[in-house]
Amino acid sequence: MNFEYFIARKYLKNQVEGKKVSRPIVKISIISISLAVLVNIITVAVVIGFKNEVSNKVLGFGSHAFAASSESSTLYENEAIQRNPRLVEATRSLSFIKNVQPIAYKPAILQSDKKQEGPQEIQSMLVKGVDERFDFQFFKKHLKKGKIPHFGKEQISDEIILSAKVANNLGYQVGDRVTAFFVKNQPLKKFFRLAGIFETGMEDFDKQIMLCDIRHIQQLNDWGIQSSIRVLDTLVDQYLVIKGIVSGGNGNYRYDWGKGYEAYPAFTWYPEKDTVFRLIASDYWMFINGKNEQTTIPDTAYLKVHINSSTEHNFPIQCQADGTIRREYLNESGTKFRLFAKDRTIDFEMIDGQGSHQNYIGAYEFNFHSWDHFDEHLAELKSLVNFNYSSEHQDIRVSGIKEQQQEIFIWLGFLDINVWIIISLMLLIGIINMGSAMLVLILLRTPVIGLLKAMGSNNWSVRKVFLYQVAFLILKGMFWGNLIGLGLCLIQDYFQVIKLNPAVYYLNAAPIELNWISILLINLLTIFICLIAMLIPSLVISRIHPAKSIKFN
């Protein structure tokens, strides 16, 4: 057995169990190391848990990166960009990309349930439009009631999901009809069906975000062109007036009735034979042909006309007493109707354009597989998208979540500084207490030191005896520090004893994440730094003279 190790164990046992002077010092040193390890483990677990929990929840409401128009002031108030399948395919091929999903935003005001007693409440919201490719895992994890809506390709869904806080404030339950007002040229009221209620604990985000079908947002933002053909109610010299009705775009429209674009939306016509009218509508800025301009994607509408008569004579179209054309509607939606002209009837079928709004989105969201190498992956994504998928008419730029939520991530970055300050202070306290304990042990064993030197032991050999003793004390303190620290962390993790104010901390309970690598590093750092620091007080041994120390005894 190692000579120094054997002596250190014998004397340490006597000092812990016997000496009244050394026993308190030894216990204080053990407690100080235990507190240092305990506090450092809890600090690191809380900070890692806090950073990851807040980052992941912010990420759940957004994404690692976004591709949007460079003209957008913020992600929530952005200019539309065209869908780009090539961009989607290219970015999906990157190894770090988990999912690419189109999104769009629109501010709204929700009104409380009219069945609720008392005055009507309102809540401003940011409505996020998503489609069937959206990753709902985050909202599934925090879903409290109801279900996640299904946004299929067949028809627009009226289902939405809201946070529990907003639903409670407005008196809504799963299945209720939710009233929302949107600001356009005139306020527009829409009704949705509440499919699910979630609660993430991040109050600022919970009370802000509502999810719906992206097609609602595309229409509400007037992205793209919506066209239709109508037959006006009055005649002009016994002729029908056929007019194109267009909305969306920049408001400056052009119409193609089959002979190229022109600025006139209407013309007169008398039904003499079966006819199909086709209207291609778009917008323009200065030139009717749209040359060298970024125009909105056109939309196409149709009007089918069938004449139920064999005669070729023209007869006046029948009108009502008020001068309007007499119509007979053939379906409930009013898209099919019939006009009358003596012995003939004329059937019309209006086929409105589907609208080109579906070709526009607010941005693309990019989900990465993890936060690892975030900056490098973001730089690679920017290099791919910014230089290859922008044009002279549409400049697309990629930004990261840390840029969009800059204040939160700067705040989280400051937590790392706090961790190092706490770890340094606790280690310093442990070193001071352990150094004091070592000096006391050396003082009590001065005669033994002299005796060992008289028997031929050198200074380093004697110093090793006391370093072994200190190492035993450090390991004992670390054992209790780890046991108590991990126990407290597990209690908080499972029972959430310590609550937080979500308005201040973004979370409703102190989060815990036990990172075993970090815990191992804390232990290794503690024993290494403490032992290195003990080399200084152990230098006192070299100044002890054998003759004087034995005489002192």
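Per-residue answers, yes or no, for (1) modelled with pLDDT of 90 or more; (2) in the same structural domain as residue 521 (by TED's automatic domain parsing); (3) closer than 22 Å to residue 480 by Cα:
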{"position": "8", "(1), (2), (3)": "no, yes, yes"}
{"position": "15", "(1), (2), (3)": "no, yes, yes"}
{"position": "39", "(1), (2), (3)": "yes, yes, yes"}
{"position": "46", "(1), (2), (3)": "yes, yes, yes"}
{"position": "70", "(1), (2), (3)": "no, no, no"}
{"position": "77", "(1), (2), (3)": "no, no, no"}
{"position": "83", "(1), (2), (3)": "yes, no, no"}
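Residue-level analysis places residue 383 among those that are within 53 Å of the chain's Cα centre (by Cα) and outside the structural domain of residue 272 (by TED's automatic domain parsing).
When residue 448 is tested against (1) touching a residue at least 40 places away in the same chain (Cβ under 8 Å); (2) touching a helix residue (DSSP H, G or I) at 6+ places or on another chain (Cβ under 7 Å), only condition (2) is not met. Here residue 414 clears all of (1) more than 30 Å from residue 43 (Cα to Cα); (2) part of a helix (DSSP H, G or I); (3) over 20 Å from the mean Cα position of the chain (by Cα) except the condition numbered (1).
Only helices (runs of 4 or more DSSP H) whose full extent lies in the stretch 422-514 are considered here, and the ones with at least 2 residues that are at pLDDT 80 or above and not charged (D, E, K, R) are 459-495. Taking the numbered list (1) among the aromatic types (Phe, Trp, Tyr); (2) within 24 Å of the chain's Cα centre (by Cα); (3) part of a strand (DSSP E or B) in turn, residue 181 passes all entries but (2).
Here residue 146 clears all of (1) at positive phi; (2) surrounded by fewer than 17 Cβ atoms within 10 Å (Cβ to Cβ) except the condition numbered (2). Kindly check whether there is at least one residue in the stretch 505-516 that is β-branched (Val, Ile, Thr) and either free of Cβ contacts under 8 Å to residues at least 12 places away in the same chain or not assigned by TED's automatic domain parsing to the domain that holds residue 426 (or both). No, the conditions are met nowhere in the stretch 505-516.
For the stretch 161-201, the candidate set comprises residues that are aromatic (Phe, Trp, Tyr) and touching a helix residue (DSSP H, G or I) at 6+ places or on another chain (Cβ under 9 Å); within that set, the residue that is surrounded by the fewest Cβ atoms within 10 Å (Cβ to Cβ) is 182.
I'd like to know if the stretch 104-123 contains one or more residues that are within 21 Å of the chain's Cα centre (by Cα), of a type in the set (A, V, I, L, M) and closer than 29 Å to residue 389 by Cβ. Looking through the stretch 104-123, at least one residue is within 21 Å of the chain's Cα centre (by Cα), of a type in the set (A, V, I, L, M) and closer than 29 Å to residue 389 by Cβ.
The values are calculated or read from the model by the stated rules, or taken from the named source; none is laboratory data. Just so we're clear, the structure is a prediction, and the values are computed from it rather than from any experiment. For neighbour counting, all protein chains shown are included, and Cβ atoms are generated from backbone atoms with ideal geometry for every residue, glycine included.
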